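Every number in this text was worked out from the coordinates using simple rules, so none of it is lab data. Predicted, not measured: the structure shown is a model, and the values here were computed from it. Here the Cβ positions follow ideal geometry from the backbone for every residue, glycine too, while neighbour counts run over all protein chains shown.
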Amino acid sequence: MSDDEIDFLDGLEPSLPRPTQPIPSPVPSSVPVSATPVSPAKSREALKFAVILIVCAACSLGSGLLFAWMLSGRGDSPQPSADAVALGRSFAPILAGTLADGFDAGAKALASGKTIGESDAILKATFDQGRKAAFDAHAGQAIRDLAPDGTEISDNAKRNALVSLFTGFAKGLRKAK
């Protein structure tokens, strides 16, 4: 490398004497001390190596953590049951009909001269009441079979069955057209 080329480490190196000159020792000694300073090219190569080493270590650590995170929940959670998926899929049109009833009630409120805020409140109340009644009639018994009226489940098998019911129901709702 010539002296004319720009070195990204310029200004960072201390002013060192040329390698042919001995470096004076800060502590008086009877033993002559001389050291050869590291050339900028060697320090640049060392810096590149250190950066590459740090990046590789960070990537290895990150991929290891990602792999551990991906495996952490596997095998413990029960798979959704086919009956729960079918239950969720069949509930979606009922839920859509209940929402439509809410919009009909909101439209009637607007047509009768109520404000938009009052109409919105009627829509939400109608939908809320309708969805609760529809869910209880459609899927409430399946939940009550596993957890009677909101009692806490201490048995892991029943808890896993309820998790399977919930995830299957959600999967069925998402698959419904």
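Assorted remarks:
- Flag for residue 94 being under 28 Å from residue 80 (Cβ atoms), aliphatic (A, V, I, L, M) and outside any helix (DSSP H, G or I): no
- Count - residues of segment 123-159 that are in contact (Cβ under 8 Å) with a residue 40 or more places away in the chain and in contact with a Ser or Thr (Cβ under 8 Å, 6 or more places away or on another chain): 2
- Scanning segment 145-177 for residues that are small (Gly, Ala, Ser) and in a helix (DSSP H, G or I) yields 150, 157, 161, 164, 168, 170, 172.
- Among the residues of segment 123-138, those that are more than 8 Å from residue 98 (Cα to Cα) and among the basic types (Lys, Arg) comprise 124, 132.
- Some residue of segment 106-122 being buried (at least 16 other Cβ atoms within 10 Å of the Cβ), within 17 Å of residue 173 (Cβ to Cβ) and of a type in the set (A, V, I, L, M, F, W, C): no
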